[in-house]
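Derivation of every value follows stated rules applied to the coordinates shown; laboratory data play no part. Small disclaimer: the values here were computed from a predicted structure and weren't measured. Note that each Cβ is placed from the backbone with ideal geometry, even for glycine, and that neighbours are counted across all protein chains shown.
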């Protein structure tokens, strides 16, 4: 089963909660709350509301970066960027059973995440994305495939492709060997994000993907 993760961000038309709600209504069951420039107070306020929604829909809620807020928000885990806390250090802090994701841009990054005990890898960016500052080199399908080929010689850790992916990219991205995709703008910016989410999930169920 291919995995779909929705990563929140704020736009002129939608905030984090409205975007996440649309993704949940469309069938997504894995939400990452990403509020890089917000203070902890705002993240707590939004996170509490998102936790309630994820409970209502039976969805997994992951926090971006803020390990110290996982327990008070009852989040299911954390996603750590390359410049964030190491997964092994986060594991010592977080409640038992917490999910830890780690960002990777290269095969060495991916191997390091495996060695550090990450539960899944966010591999990218697939292409340029305006939602992330200090972007690592863009991978494209060839880069994703190369990393996956090298990674699979040592680990079957789940890998989710991230960064600028649009609906039309999904078949080619999944053909590289990744286990799923993480999307943000393609859902958040859609005129009907619920319908777009449903369509993406149906596309990911197709047997040739």
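Structure values in brief
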| quantity | calculated |
| --- | --- |
| Chain lengthening between residue 82 and residue 128 when straightened (0.36 nm per residue, less Cα-Cα) | 14.8 nm |
| Cα-derived Rg over Rh, computed across the range 1-90 with Rh taken as Kirkwood radius | 0.95 |
| Residue order, fewest to most surrounding Cβ atoms within 10 angstrom, among 120, 57 | 57, 120 |
| Inter-label distance, nm, simple model (7 Å from Cα along the C-beta direction), residue 153/residue 119 | 2.9 nm |
| Largest-first principal axis extents, alpha carbons of the range 3-205, Å | 41, 40, 30 |
| The range 145-209 - Rg and Dmax from Cα coordinates, angstrom | 12.9, 42 |
| Cα-Cα P(r), the range 81-169, percent of pairs per 10 Å interval | 17, 48, 29, 5 |
| Cα centroid of the range 1-73 to Cα centroid of the range 144-200, whole Å | 18 Å |
| Separation of the residue 13 and residue 37 label points, Cα + 7 Å toward Cβ, nm | 2.1 nm |
| Calculated FRET value between residue 25 and residue 203, using beta carbons and R₀ = 22 Å, to 0.05 | 0.80 |
| Over the chain, relative contact order from alpha-carbon pairs under 8 Å, at least 6 apart, % | 22 percent |
| Likely footprinting exposure, 150, 145, 66, fewest C-beta neighbours within 10 Å first | 150, 145, 66 |
